[in-house]
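Q: Sharing a structure with you now.
The values are calculated or read from the model by the stated rules, or taken from the named source; none is laboratory data. If you're wondering where the values come from, they're calculated on a predicted model, not measured in any experiment. Here the Cβ positions follow ideal geometry from the backbone for every residue, glycine too, while neighbour counts run over all protein chains shown. Accessible surface is based on the protein model in full, side chains and every heavy atom, while ligands, DNA and RNA are left aside. Shrake-Rupley method; radii C 1.70, N 1.55, O 1.52, S 1.80 Å.
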Amino acid sequence: MVKRSVSAIFALLFIAVASHYAFTDEGQWTPDRIGQLNLRQAGLRIPVSQVFNPGEAGVHEAILLLGGGTGEFVSADGLIMTNHHVAFGAVARIATAENDYITDGYLAETRTDEIQAHGYTARMVQYYQDVTGRIMADVEDGMTWEERQRTINTAVRNIVTEARERDDSLEFSISAISYGNTFKLIGFQTIRDIRIVYVPPFAVGNFGSETDNWMFPRHTGDFSFLRAYVALDGSGAAYNTENVPYHPRTWLKVARDAPAEDDFVFLLGFPGTTMRYRSSAYVSYERESRLPYEIMIRGERIGVMERAGEGDRELQIRFAETIKGIANGYKNYQGKVIGIDRMDLISSKRHEEQIWADSWSIDPRLKSRYDGVLQELGEIYRGMRERDALSRTISELLYSPVQSYALNLYEYLLQKTLPENRRANRYRGESLDRVRDSLLGGPGDYYGPVDEELYLNAAVRSLTLTREDAIAPFRIISLGKEIQGYAPALERAIREAYSSSPLLHPEGRAALIEMSAQEAIDRGGLFLEVAADMRERYLESDAARQFTGSKLGRLQQLYAEGIMTLRESQGEMLYPDANRSLRFSYGYVRGYEPRDAVSIEPFTHLKGVMEKDTGKGEFIVPEILSNAWREREFGRWADSSGDVPVNFLTNCDTTGGNSGSPLMNARGELIGINFDRVWEATANDYNFDPEFGRNISVHMHYILFICETFGATDVIDELGF
Ligand code: ARG
Ligand code: GLU
């Protein structure tokens, strides 16, 4: 080794320490900003123009807005990689008890076996331009919020129309970023024929299920492969057997070298929502009202559905997707509550708001702009809390497809007798008949026993509403006699309604649809009585919600503008809240310390999969996999430890919607796929805490190893291995 002087070593140490801190992992950057991020110094080894360069070839072209998450092209033949849980809806839709593709997974032996992924489209960004200047050109300082919105909407329409005239192959829209403080014109290419290529068994793709969800050490093979198909002329046509695989200009190549601790990584994806530039009033509403309520109601729904499905595979399949979705938020929200408290976030937000208010209080121009924003935000959330009990009751009752059907039917009966010009749009002219036809078909998909149980719970809870808020029919039936959450008369009435309501039979519906609204209430039973009672307050609360929504929009725009200006003046470089538009985030492979004396390493291995194997429920290791472990058949996929890496941690800044985002190394090569965050990081949606900000990815080696072990070798070939 070359000898170095002590001072040179000190200098090197200093650089190492400085660079460690200079590059925080926070930030979901709009891709047009990445040129300002000093990525070379952070560790990127390819030119930024190879990452994002709209209209030209670049990594961004391979990134797909797909289902509820993100996906990416990984071959010249339109092969798409995404998460198991992102493709899950498509699998659940084709699964039955005999062909249980959920449990077994699905492998298309040939291209013709690739099954349609119903309801899935993939969209990639081909055009991206900041148009804030043009949009704001006619907005003036003294405008009311309504005038401002009207002016912006006109500009949006003009810009989008113009863009379409220039290029009709793309779908253009304007993304309002940072609560309408900046605007991007985005042109998407859309692919509408997506098919399933390979989905691993549930016991791999969802290993650890809800117990391990949002947790690390993790051992989940949360990946799957789809393929994009287009018409012969290359256009994004709907599913058609004549369609051919799409050939993207850019696709991601799998890295030859596996990632190591401290390596630079980056990802691109479509994060959904963050709330980092929201007020203390908002966070306190979340912490005290919305999150606890969501945890309660989700717990209840999961419990009822799981009990109903016990011992009945067909029912379990029917509920699988719904339960998974509810359970995901259920656990996320619990993490958020703990995280908000840990960060003492409400106080620190208030503190920041005080500093902000002080910063403008002596400047008359700023004062006239921002004065009152904080107070009004406070009032809005106080008002929401006052309406919470009623609006939650209504939404719980309408969660039942039967009750929501009754409300639609009742509305139709009211509208049909009105003169044409006084009807709401969807009841005018021929539309009226269309509404009638669809009502004859009855309520949407529901399972009686589950619906009944949840409806009963909601009705009993509603008995604690104040006299003005009360749902009158429930109150009358129970005569106010509720004994500790139990209302026998109400229960009898609801059970009876579910067993004999005319709404639930074709003849009953056919008769009701000819009646007047009043007759229908008299003859239609409980659901229609409740519909009539809730309608007025529903409309009322809907109007209130709309009013609050638009007021909140104005306040939030000003608040974000103000807080961001303050922080920028303090030298911070800021990125906007997530809004499901394309974002870039970078970080490093790194473990974390969730609790005192607990230090978590960044990589997990197959050994850990085996350690968790109980052979039951959420932790069943398929036999093929345990055999491979026993025989040490790891192919080319073991790392230097001799075992196959499974999942790993990096400190990128991600949120829901980033699932399926490709994790890339310094050279832009694929090393894994993002699928989760650690539990302590769920509150990072409100405020990024670098100590806990860790996203979880499936290691590319595990993906390849699973493909090999389960016979999906064509996929490996197609990936170029
Ligand atoms: N927590 C991950 C995300 O938010 C994975 C969700 C799917 N997995 C599950 N067990 N529900 O979406
Ligand atoms: N699993 C999440 C998704 O579907 C990502 C987890 C998160 O970071 O919130 O997008």
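Q: If you roll a 1.4 Å probe over the chain with all protein chains in place, what percent of the accessible area is carbon or sulfur?
A: Percent of accessible area from carbon and sulfur atoms in the chain: 51.
Q: Using mean Cβ contacts within 10 Å as the protection proxy, how do 270-279, 222-231 order, highest first?
A: Result, highest mean Cβ count within 10 Å first: 222-231, 270-279.
Q: Using a 1.4 Å probe, what is the accessible area per residue for the chain, in Å²? Present the calculation step by step, with values, prior to reporting the outcome.
A: Working: 32130 Å² over 721 residues.
With the other protein chains kept in place, the chain gives 45 Å² per residue.
Q: With viscosity set to 0.692 mPa s at 37 °C, what whole-number translational diffusion coefficient in µm²/s follows for region 371-516 from Stokes-Einstein and a Kirkwood radius over Cα pairs?
A: 187
Q: Expressed in nm², what is the orientationally averaged projection area of the convex hull enclosing the Cα positions of region 630-721?
A: With every direction weighted equally, the projected area is 7.5 nm².
Q: For q values of 0.20 Å⁻¹, compute log₁₀ I(q)/I(0) with the Debye formula on a Cα-only model of region 51-132, without solvent.
A: Taking Cα atoms of region 51-132 as identical point scatterers yields -0.98.
Q: Could you give the semi-axes, largest first, of the ellipsoid that matches region 62-210, computed as the square roots of 5 times the alpha carbon gyration tensor eigenvalues and rounded to whole Å? Before the final figure, lay out each step's value.
A: Details: eigenvalues 342, 61, 28 Å².
Rounded to whole Å, the semi-axes are 41, 17, 12.
Q: What are the residues whose amide H is under 5 Å from the amide H of residue 128, where those residues sit 5 or more places off or on another chain and H is modelled from the backbone?
A: 187
Q: List, in order, the whole-Hz ³J(HN,Hα) value for each residue of region 576-592 obtained from phi through the Karplus relation with A = 6.51, B = -1.76, C = 1.60 and θ = phi - 60°; use x for Gly and Pro.
A: x, 4, 5, 9, 6, 9, 4, 9, 10, 9, 10, x, 9, 5, 7, x, 7
Q: Per residue Cα convex hull volume for region 531-592, in cubic angstrom?
A: 193
Q: Amide H to amide H, which residues 5 or more places from residue 230 or on other chains are under 5 Å from it, using H placed in the peptide plane?
A: 244, 246
Q: Semi-axes of the equivalent ellipsoid for region 363-446, please: Cα gyration tensor eigenvalues, times 5, square-rooted, ordered largest first, whole Å.
A: Values: eigenvalues 333, 85, 20 Å².
Over the Cα atoms of region 363-446, the semi-axes work out to 41, 21, 10 Å.
Q: Applying the Karplus parametrisation 6.51 cos²θ - 1.76 cosθ + 1.60 with θ = phi - 60° to the phi angles of region 265-282, what ³J(HN,Hα) value in whole Hz is obtained for each residue in order, glycine and proline being reported as x?
A: 9, 8, 8, 10, x, 10, x, x, 9, 10, 10, 7, 10, 10, 7, 4, 4, 5
Q: Still on this structure, please answer the following. Could you quote the convex hull projected area for region 489-613, Cα atoms only and averaged over all directions, in nm²?
A: One quarter of the hull surface, i.e. the mean projection, equals 19.0 nm².
Q: In angstroms, what radius of gyration and Dmax does region 209-320 have, counting Cα atoms only?
A: 22.0, 55
Q: Also, quick follow-up: Considering all projection directions equally, how large on average is the shadow of the alpha-carbon convex hull of the chain, in square nanometres? Please list the in-between numbers first.
A: Values: hull surface 149.9 nm².
Hull-based average projected area comes out at 37.5 nm².
Q: Now for a different question. Hey, got the Cα dimensions of region 276-418 along the principal axes, in Å, largest first?
A: The principal-axis extents, from largest down, are 66, 51, 21 Å.
Q: Whole-Hz ³J(HN,Hα) for each residue in region 95-106, computed from phi via Karplus 6.51 cos²θ - 1.76 cosθ + 1.60 with θ = phi - 60°, x for glycine and proline: what do you get?
A: Whole-Hz 3J(HN,Hα) from phi for region 95-106: 7, 9, 5, 6, 9, 7, 5, 5, 5, 7, x, 9.
Q: Once you treat every alpha carbon in region 146-193 as an equal point and sum by Debye, what is log10 I(q)/I(0) at q = 0.16, 0.23 Å⁻¹?
A: These q points yield log10 I(q)/I(0) values of -0.50, -0.85.
Q: Same structure again: Peptides 432-439, 543-550, 332-339, 578-585: what's the order by average Cβ count within 10 Å, highest mean first?
A: 578-585, 332-339, 432-439, 543-550
Q: Any chance you could list the semi-axes, whole Å, largest first, of the equivalent ellipsoid that the Cα gyration tensor gives for region 431-520, using √(5λ)? Spell out each step's value before the answer.
A: On the way: eigenvalues 164, 48, 28 Å².
Taking √(5λ) for each Cα gyration eigenvalue gives 29, 15, 12 Å.
Q: If you take the Cα Rg of region 139-230 and divide it by 2.2 N^0.38 Å, with N the number of residues, what do you get?
A: Compared with the compact-globule rule of thumb, region 139-230 sits at 1.78.
Q: In what sequence, highest mean first, do 636-644, 355-363, 409-417 appear when ranked by Cβ atoms within 10 angstrom? Please report the intermediate quantities before stating the final value.
A: Numbers: 636-644: 15.3, 355-363: 13.6, 409-417: 19.2.
Ranked by mean Cβ neighbours within 10 Å, highest first: 409-417, 636-644, 355-363.
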